[in-house]
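The structure appears right after this line, and notes come after that.
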Ligand code: PGA
């Protein structure tokens, strides 16, 4: 079974989001379909998705239960809307909002403890790739960003490998490359949590996934699905991507 997650980023009001979900609603699939929407759209999207296969997630989550954290949203607040997933550590959060492996860990832990499944993003920048540091960076992000997470907790985690240079650029990693890198990441997870936990861990590929390249990416052994940005904003394209996951 594959997992296809859309990341709407800062797009669509709640009315527009609900409209998009109503177009996705009748998609027939046995795979898991998630849409991660702006906080303000969570409740409306959950309502719009009722009775369908579509599950709704947030794009971030704070680690504290409550308090003086202006602009942040707690797990309880997210849960109240009916959302059951949250993206954690997206590269845009790391790049533009100072997210670190340490804050990623705290956010992931808060999600797991509150029955929200975190979709934890890892991935190297173009400079890191060109310096030949892809594996080094992934290893660090995994070792630091999953430090206090137990093998038991890993059963409620999704990981997304998103090379930063492929996000929103139209430049996708080749399927062979993505497969190899995800295989490497899975090896690091195996070292930390054991072979069984690593084998069962869903690791998605993200970065310019579209209706044309999805089938090939999803056919790769190590790739358990996709985290889709731009192409998830268009119902027709996103449905095609969901359908590409079918065996
Ligand atoms: P993209 O974004 O599909 O538009 O490249 C992916 C992501 O940032 O999750």
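Just so you know, all these numbers are worked out from the coordinates, no wet-lab data involved. Bear in mind that the values here come from a model prediction, so they are computed numbers and not experimental data.
In region 121-162, how does Rg compare with the Kirkwood Rh, expressed as the Rg/Rh ratio over alpha carbon atoms? It would help to have the intermediate numbers written out before the result.
Working: Rg = 11.8 Å, Rh = 11.2 Å.
With Rg and the Kirkwood Rh in hand, the quotient comes to 1.06.
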message: Starting from a Cα-only point model with no solvent, please compute log10 I(q)/I(0) by Debye for region 99-146 at q = 0.16, 0.24, 0.25 1/Å.
response: -0.48, -0.83, -0.87
query: So what does the Cα-only Debye profile of region 112-247 read at q = 0.15, 0.19 Å⁻¹, as log10 I(q)/I(0), no solvent term?
result: -0.72, -1.11
message: If you split all Cα-Cα distances of region 68-127 into 5 Å bins from zero, what percentages do you get per bin, shortest first?
response: 4, 18, 27, 25, 16, 6, 3, 1, 0
message: Restricting to Cα pairs below 8 Å that are 6+ residues apart, what does the relative contact order work out to for the chain? Please round to a whole percent.
response: 20 percent
- prompt: Going out from 0 in 5 Å bins, what whole percent of all Cα-Cα distances in region 80-164 drops into each bin?
  reply: 3, 15, 26, 25, 16, 9, 4, 1, 0
Radius, Kirkwood style, for the chain when every pair of distinct Cα atoms is counted (Å): 17.8 Å
statement: In whole angstrom, the spacing between the Cα centers of region 184-217 and region 92-138 equals 15 Å
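Stokes-Einstein diffusion coefficient for region 1-50 at 25 °C in a medium of 0.890 mPa s, Rh from the Kirkwood formula over Cα pairs: what value in µm²/s?
Working: Rh = 11.1 Å.
In µm²/s, the coefficient rounds to 221.
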query: What list of whole percents do you get for P(r) of region 1-102, with Cα-Cα distances grouped in 5 Å bins up to the one holding the largest distance?
result: 2, 13, 23, 23, 19, 12, 6, 2, 0
field: Part-to-part distance (alpha-carbon centres) for region 1-47 and region 146-178, which is given in Å
entry: 20 Å
message: I'm a student and want to see the number: the projected area of the Cα convex hull of region 159-230, averaged over all directions, in nm².
response: 4.3 nm²
